[in-house]
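To start, the structure under review is shown below, and the notes come after it.
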Amino acid sequence: MMCLMFTGLVEILGEISSIQPTTTFAGYSFTISDAHSILTDCQLGDSIAVNGCCLTVTEWSVEQGWFKVGLANETLARTNLGKLEVGSKVNLERAMAGHGRFGGHFVQGHVDTTAKILSITPDGDSIRLLFSLPLEFYLPLIPKGYISLDGTSLTLTHLSLPKNEKDDHYDGPNRGVFGVMLVKHTQSRTVVAMKRVGETVNVECDVVGKGVESVVRNVLLEGGGEKGGQLEMMIERAVERVLVKKGLIKE
């Protein structure tokens, strides 16, 4: 089975024109309009990232420029899509074609969590934004690494862990703070720049960072601290090599 990927480079802004309950998905069905340019090669079952969430096309009209997607309860619980209304703008990106150029970073369209906007600060033609998110999703982030916000690929410019209410941008315990910068071009083409302090964005952490964090956690932390665990075995092997090299023990 082929794994669908996105780049985090938003193609167009669509608009939600209808929201209907549906028993098929035990959730809702969105009709998204103003999507002419990404429907010319659309097929039933194609995947389109809507604010960074990979959704399946169930109906569409190339001539009228709309398509429908279903939102299950899991999607509504993990993303901010349930807060959208008729008239809301959404970032749209088709799944990456195998023969196309790759200009963003690997985005799966699997939203990890949501982050809250803490501040918006102008910086010349650009704007800097700070967000807070649960600590478990903060840990895989690295300086100058990638993050996808509402499906937009952005570079991390700030990481911090405020510890108490006296710290700037403290947003409660067990939450980390990260920042990004939106250049003028990005501001005009994505929904992130349209949001205000207190609103949320869908977050997908870089898949590479998540992979590394998972390996470290499973091997060194969760299974490594116990007697006979992975961490103990690694240290024993390292010590043994040093002792052999110094001639203190035989190989």
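Side notes on the structure shown:
- Hydrodynamic radius of segment 137-188 by the Kirkwood approach over all distinct alpha-carbon pairs: 12.2 Å.
- Surface share of carbon and sulfur [accessible, 1.4 angstrom probe, percent] for segment 1-155: 53
- The accessible-area ordering, largest first, of the residues K166, K210 stands as K166, K210, per a 1.4 angstrom probe.
- Relative contact order of segment 74-176, defined on C-alpha pairs under 8 angstrom at six or more residues apart (%): 21
- Protection proxy ranking, peptides 184-191, 36-43, 67-74, average beta carbon neighbours within 10 Å, highest first: 67-74, 184-191, 36-43
- For the residue pairs K83/K144; K89/K195; K89/K116; K83/K195; K144/K210; K163/K195, the C-alpha atoms sit more than 20 angstrom apart in K83/K144; K163/K195.
- A DSSP coil position with no more than 14 other Cβ atoms inside 10 Å describes the following chymotrypsin sites (Phe, Trp or Tyr not before Pro) in segment 76-158: F102.
- Within the straight-line cut-off of under 30 Å between alpha carbons, the lysines reachable from K246 are K227, sequence neighbours fewer than 8 places apart in one chain being disregarded.
- For segment 1-157, the per residue solvent-accessible surface stands at 49 Å², with DNA, RNA and ligands left out and a 1.4 Å probe.
The values are calculated or read from the model by the stated rules, or taken from the named source; none is laboratory data. The structure presented is a predicted model; accordingly, all values stated were derived computationally and were not measured. No Cβ is skipped: glycine too gets one built from the backbone with ideal geometry, and neighbour counts run over all protein chains shown. Please note that ligands, DNA and RNA were not included when accessible areas were found on the heavy atoms of the full protein model with its side chains. Shrake-Rupley method; radii C 1.70, N 1.55, O 1.52, S 1.80 Å.
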